[in-house]
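Enquirer: What follows is a structure written as C-alpha cells; I'll ask about it next.
The values are calculated or read from the model by the stated rules, or taken from the named source; none is laboratory data. Predicted, not measured: the structure shown is a model, and the values here were computed from it. Here Cβ is always computed from backbone atoms with ideal geometry, including for glycine, and neighbour counts include all displayed protein chains.
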Amino acid sequence: MLDRRDFVRELLIGRGDLLVVSGLGSATYDVAAAGDHPLNFYLWGAMGGTAMIGLGLALARPQRRVAVLTGDGDMLMGIGSLATIGVKQPKNLAIVVLDNAHYGETGMQASHTKSGIDLVGVALACRFKQARAISRIQDAPDVRKLLHSGEGPLLISARIKEDDVPRVLPMRDGHAIKQRFIAALNSA
Amino acid sequence: MPAEINVHTPTDIKPSWPDAIYRQFQRVGIRQVGYVPDAGHSRLIQLCQADNAIADVVLTTEEEGVGLVAGAALGGQRTALLMQSSGVGNCINMFSLLRNCGFGCVVLVTMRGEFGEFNPWQVPMGAITEDVLRLSGFLTYRIDDPDTVDDLVGAGCDMAFDGNLQVVFLLSQRLIGRKQWVR
C-alpha cells in the first residue's frame with residue numbers, strides 16, 4: 001500500500017507543463033502538499049465532477065497533458081463520466097484514483113471499492129486505452145511517465161493506506177484558482 | 001454548415017429555431033457542446049455533430065456537462081449545454097462550480113411538463129425548472145416565439161461569455177411542439 005503524500009509527490013516531480021485537476025478533499029490536499037502550482041485546479045466541491053473537468057480541459061487543449069487526481073468517492077459519484085470519456089477517447093487525459101476504499105472527509109466510512117467494486121475494470125469496459133492498479137511506490141516513476149506520454153484515456157487506481165494525514169489547505173477562492181490557472185496556461 | 005440534414009421532425013415543429021441557435025453558436029465561437037439525447041434538441045445536436053469546429057460530447061447525465069463547461073473554460077473554450085427540463089434537476093449541486101469560479105455558461109433547456117404535456121410524470125420537475133435555475137444563479141430567459149430565438153440567444157451568449165455569467169434559455173413546449181405520442 002502506498003503512502004498517499006509520497007506517491008503524489010513522486011508523480012508530480014518534474015511536472016513541467018502538466019495540467020492538474022484535483023478532486024475535493026484529500027486529493028486536493030495531497031496535490032497542494034506536493035507543492036502549490038498555478039497549473040493546479042483545486043476542487044473544494046463539485047463532487048463527482050473532477051473527471052469531466054479533465055475531459056473538457058483535455059478536449060480544449062489537445063497538445064497539453066491533463067492529469068486528474070482524485071479519490072475513490074469522487075470517481076464513484078462520477079462513474080458515468082468514465083463512459084463519456086470512453087466515447088471521446090482523449091489521448092491526453094489520465095486519471096489517477098487515490099483509492100483508500102473510504103470516505104476520508106466524512107469519517108472514513110467504507111466506499112464501494114472496499115467491497116471489491118473495481119474501477120480498473122470499469123475503465124477498461126469503458127474503452128480506456130490502459131487501466132491498472134498499483135500499490136508499490138516503485139511503480140510511481142512508471143505512472144509519472146504515463147501521465148506525460150502514455151496514450152489516453154488511461155486510469156490508474158493507486159491503492160493507498162487509510163492513514164489520516166495532516167491537511168494541507170491550498171487557496172480556496174474559486175475565481176482566484178481559475179484566473180491563476182488560465183493566466184499560467186496562456187503564458188506557458 | 002451542412003447543406004441538408006435528415007431529421008425526424010414532428011409536423012408542428014418549426015425547424016428554423018435550432019438553426020438560429022446554431023448560427024449564434026458559430027458567431028460566439030462555441031467549441032464544445034454537451035448534451036443528453038433529446039427529441040426537441042435533435043436538429044441542433046445534429047448540426048453540432050456535423051461541425052468539425054465543435055466537439056460534441058454525449059453525456060450519461062446532465063451534471064457531467066457542468067464539469068465539461070468548467071474544464072473547457074480553463075482551456076480557453078466556450079461550451080453550451082443542451083438538456084431537457086428533467087435534466088436540470090440532475091445538475092443542482094454541480095451548478096455551484098459555475099458560481100464558485102465564475103465560469104460563463106449557456107444552457108438550452110427544452111421544456112417538458114407544461115403546456116400540452118401528455119405525461120404527468122414530467123410535470124413536477126417541469127413546473128419547478130425555472131425556479132431551480134434562478135436559485136442556482138442563472139439568468140433565465142423563456143422563449144415561446146421562434147422569431148425571437150436569434151435575438152435572445154445571441155444577446156444571452158454575449159452576456160454569458162463576456163461577463164462570465166450563467167445564462168439559460170427555456171425553450172417552451174409551445175416553441176418546440178408537443179411530443180407526438182401516437183404513431
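Enquirer: Within the range A:23-73, restricting attention to residues that are outside any helix (DSSP H, G or I) and among the hydroxyl-bearing types (S, T, Y), which residue is surrounded by the most Cβ atoms within 10 Å (Cβ to Cβ)?
Expert: Among those residues, the one meeting the criterion is A:T70.
Enquirer: Out of the residues in the range B:25-48 that are farther than 26 Å from B:Q122 by Cβ and surrounded by fewer than 22 Cβ atoms within 10 Å (Cβ to Cβ), which is farthest from the other protein chains (Cβ to nearest Cβ)?
Expert: Per the stated criteria, the residue is B:R27.
Enquirer: Only residues in the range A:74-86 that are assigned to a loop (DSSP other than H, G, I, E, B) count as the first member; pair them with residues that are among the charged types (D, E, K, R) and crowded, with 20+ Cβ neighbours inside 10 Å, Cβ under 9 angstrom, at least 6 apart or cross-chain, and list the lot.
Expert: A:G78/B:E63; A:G78/B:E64
Enquirer: A further question on this structure: Restricting to the range B:131-183, name every residue that is among the acidic types (D, E), more than 15 Å from B:P18 (Cβ to Cβ) and modelled with pLDDT of 95 or more.
Expert: Correct list: B:D131, B:D151, B:D158, B:D162.
Enquirer: If you don't mind, there's one more thing I want to ask. Out of all the residues in the range A:104-122, is one or more touching a residue at least 24 places away in the same chain (Cβ under 8 Å), of a type in the set (A, V, I, L, M), in contact with a Ser or Thr (Cβ under 9 Å, 6 or more places away or on another chain) and surrounded by 22 or more Cβ atoms within 10 Å (Cβ to Cβ)?
Expert: yes
Enquirer: Sort through A:L124, A:L169, A:L147, A:L119 and tell me the only one that's closer than 21 Å to B:L74 by Cα and within 18 Å of the chain's Cα centre (by Cα).
Expert: A:L147
Enquirer: Further, regarding this structure: Considering the range B:21-63 alone, what residues qualify as being part of a loop (DSSP other than H, G, I, E, B) and over 13 Å from the mean Cα position of the chain (by Cα)?
Expert: Within the range B:21-63, B:G29, B:A50, B:D51, B:N52, B:A53, B:I54, B:L59, B:T60, B:T61 qualify.
Enquirer: Another question about this same structure. Given the condition surrounded by 24 or more Cβ atoms within 10 Å (Cβ to Cβ) and either among the basic types (K, R) or in a loop (DSSP other than H, G, I, E, B) (or both), answer yes or no: does some residue in the range B:77-96 qualify?
Expert: no
Enquirer: Among the residues that make up the range A:13-22, is at least one of them among the β-branched types (V, I, T), closer than 21 Å to B:E62 by Cβ and not in a helix (DSSP H, G or I)?
Expert: So far as the range A:13-22 goes, yes, one or more of its residues are among the β-branched types (V, I, T), closer than 21 Å to B:E62 by Cβ and not in a helix (DSSP H, G or I).
Enquirer: Could you check the range A:56-105 and list, in sequence order, the residues that are more than 10 Å from every other protein chain (Cβ to nearest Cβ) and small (G, A, S)?
Expert: A:A67, A:G71, A:G73, A:G86, A:A94, A:A101, A:G104, listed by residue number.
Enquirer: Pairs under 6 Å by beta carbon, first residue closer than 17 Å to A:Y42 by Cα and in a loop (DSSP other than H, G, I, E, B) in the range A:157-176, partner modelled with pLDDT of 95 or more and among the acidic types (D, E), six or more apart or different chains?
Expert: A:P170/A:D36
Enquirer: Give, as residue ranges, the helices (runs of 4 or more DSSP H) completely inside the range B:115-177 that count at least 1 residues that are more than 23 Å from B:V66 (Cβ to Cβ) and within 15 Å of the chain's Cα centre (by Cα).
Expert: Those helices (runs of 4 or more DSSP H) span B:149-163, B:173-176.
Enquirer: Can you name every residue in the range B:101-137 that is more than 14 Å from chain A (Cβ to nearest Cβ) and under 30 Å from A:Q179 (Cβ atoms)?
Expert: B:V106, B:V107, B:L108, B:V109, B:V132, B:L133, B:R134, B:L135
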